[in-house]
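Working notes, structure below.
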Amino acid sequence: QVQLVETGGGLVQAGGSLRLSCAASGSILSINRMGWYREVPGKQRELVAHITSGGSTAYADSVQGRFTISRDSAKNTVFLQMSSLKPEDTAVYYCNALLSQSYYSGSRLYWGQGTQVTVSP
């Protein structure tokens, strides 16, 4: 089994910073890509950022220049450094990982349980 555990959410004032972490554990052969999504009630879950095994990154326009995604491949962990936070960044943030568990199986997407980020005005 594979488990993704997110930490680092919380309450912060506008303009502040938070750092999210997500650690993947279990039977993992390789991780192709890890990323962060966010969701608010009544809206579709949206991509925040993702990073490939080769280190390529992509960001949503709304967070470009404010958020930075990074990873520690040796620890199967991805980070999201969030700066200059705005009230509209308030959401539940979910980590995901596209990974393989064996040479004989294809890649599969796994999700964490989510962590709440609240930005007060």
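Taking the listed residues Val92, Val78, the one that is of a type in the set (Val, Ile, Thr), modelled with pLDDT of 95 or more and more than 10 Å from the chain's Cα centre (by Cα) is Val92, with no other qualifying.
Residues in region 79-97 that are assigned to a strand (DSSP E or B) and of a type in the set (S, T, N, Q) were compared, and the one that is surrounded by the fewest Cβ atoms within 10 Å (Cβ to Cβ) is Gln81.
With respect to Arg19, determine if the residue is crowded, with 19+ Cβ neighbours inside 10 Å, under 13 Å from the mean Cα position of the chain (by Cα) and modelled with pLDDT of 95 or more. Spelling it out, it is not the case that Arg19 is crowded, with 19+ Cβ neighbours inside 10 Å, under 13 Å from the mean Cα position of the chain (by Cα) and modelled with pLDDT of 95 or more. Selection of region 49-75 for residues being under 16 Å from Tyr110 (Cα atoms) and in a strand (DSSP E or B) yields Ala49, His50, Ile51, Thr52. Here Leu29 fulfils each of the conditions (1) open to solvent by 60 Å² or more (accessible area, probe 1.4 Å); (2) under 16 Å from Glu6 (Cβ atoms) apart from (2). Counting the residues of region 16-44 that are closer than 18 Å to Lys86 by Cα and either assigned to a loop (DSSP other than H, G, I, E, B) or in contact with a Cys (Cβ under 7 Å, 6 or more places away or on another chain) (or both) gives 6.
Checked against (1) open to solvent by less than 70 Å² (accessible area, probe 1.4 Å); (2) on the phi > 0 side of the Ramachandran plot, Gly42 passes all but condition (1). Taken over region 64-78, residues that are farther than 22 Å from Leu29 by Cβ and surrounded by 18 or more Cβ atoms within 10 Å (Cβ to Cβ) amount to 2. The residues of region 98-110 that are modelled with pLDDT of 90 or more and either in contact with a Ser or Thr (Cβ under 6 Å, 6 or more places away or on another chain) or open to solvent by less than 50 Å² (accessible area, probe 1.4 Å) (or both), listed by number, are Leu98, Leu99, Ser100, Gln101, Ser107, Tyr110. The set of residues from region 46-63 being open to solvent by less than 30 Å² (accessible area, probe 1.4 Å) and either among the hydroxyl-bearing types (Ser, Thr, Tyr) or touching a Gly at 6+ places or on another chain (Cβ under 9 Å) (or both) comprises Val48, Ala49, Ile51. Of all residue pairs spaced 6 or more apart or on separate chains, those with beta-carbon atoms under 7 Å, a first member in region 57-75 that is more than 14 Å from Arg33 (Cβ to Cβ) and modelled with pLDDT of 95 or more and a second member that is open to solvent by 30 Å² or more (accessible area, probe 1.4 Å) and among the charged types (D, E, K, R) are Ala60/Glu46. Under the condition of being β-branched (Val, Ile, Thr) and without any contact (Cβ under 8 Å) to a residue 60 or more places away in the chain, the residues counted in region 13-56 number 4.
The values are calculated or read from the model by the stated rules, or taken from the named source; none is laboratory data. If you're wondering where the values come from, they're calculated on a predicted model, not measured in any experiment. Cβ sites come from the backbone with ideal geometry, for glycine too, and all protein chains shown count toward neighbours. When the accessible area is computed, the model is the full protein with side chains, heavy atoms only, and any ligands, DNA or RNA have been set aside. Shrake-Rupley method; radii C 1.70, N 1.55, O 1.52, S 1.80 Å.
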